[in-house]
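Values quoted throughout were computed directly from the atomic coordinates according to the rules given, and no laboratory measurement underlies them. If you're wondering where the values come from, they're calculated on a predicted model, not measured in any experiment. Cβ coordinates were reconstructed from backbone atoms using ideal geometry, including for glycine residues, and neighbour counts include every protein chain displayed.
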Amino acid sequence: MVNFSCRIARCARSREPPVNIIETLKAAAALSTDGLGDRLGESFARGHKEASGGVVTVEAFEELMKLLKVGEKPEKKDDNKSPKAKKGKTLVRSPQKNKIANYFGKT
């Protein structure tokens with residue numbers, strides 16, 4: 001069994017409409033075509049709208065994580081803009097001539 005919990009990030013607390021973790025978890029489970037919501041059982045999406053979780057089987061948890069796309073990178077938006085050139089660090093030469101390597105190199 002897997003015990004898991006979810007919590008709203010601070011930056012999402014002021015969103016309109018407000019984030020509801022229970023509804024989000026249940027909506028993700030409803031995306032399954034093979035009855036994931038029924039297999040998750042009574043101990044799923046418990047708590048309150050800002051912090052929820054549950055105790056589910058490993059298989060059901062892994063399927064839920066796939067449906068929620070946990071661990072996947074978000075798709076980049078294609079705004080049809082030209083690619084920006086990467087800015088590299090500019091090397092600034094030091095005007096100093098007497099360096100430690102010069103000191104120990106001379107004998």
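What's the local net charge at I22, with K and R +1, D and E -1, over the other residues with C-beta under 13 Å away?
Numbers: positive: R7, K26, R46, K49; negative: E23, E50.
So the surrounding residues net to +2.
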Students often check this: by mean Cβ neighbours within 10 Å, which of 70-77, 59-66 ranks highest, and how do the rest follow?
59-66, 70-77
What does the charge count near V2 come to, summing +1 for each Lys or Arg and -1 for each Asp or Glu among other residues with Cβ under 11 Å from its Cβ?
-2
Cα-based shape type of the stretch 2-68, given that a ≥ b ≥ c are square roots of the gyration tensor eigenvalues and the cut on a/c is 1.5:
prolate
Hand me the trypsin sites (Lys or Arg not before Pro) from the stretch 6-44 located in a DSSP loop with no more than 12 other Cβ atoms within 10 Å, in residue order please.
R13, R15
Residues whose placed amide H lies under 5 Å from that of G53, excluding near-sequence neighbours
C6, A45, R46
Tell me the label-point distance for the pair M1, K97, using the 7 Å Cα-to-Cβ offset, in nm and rounded to one decimal.
7.8
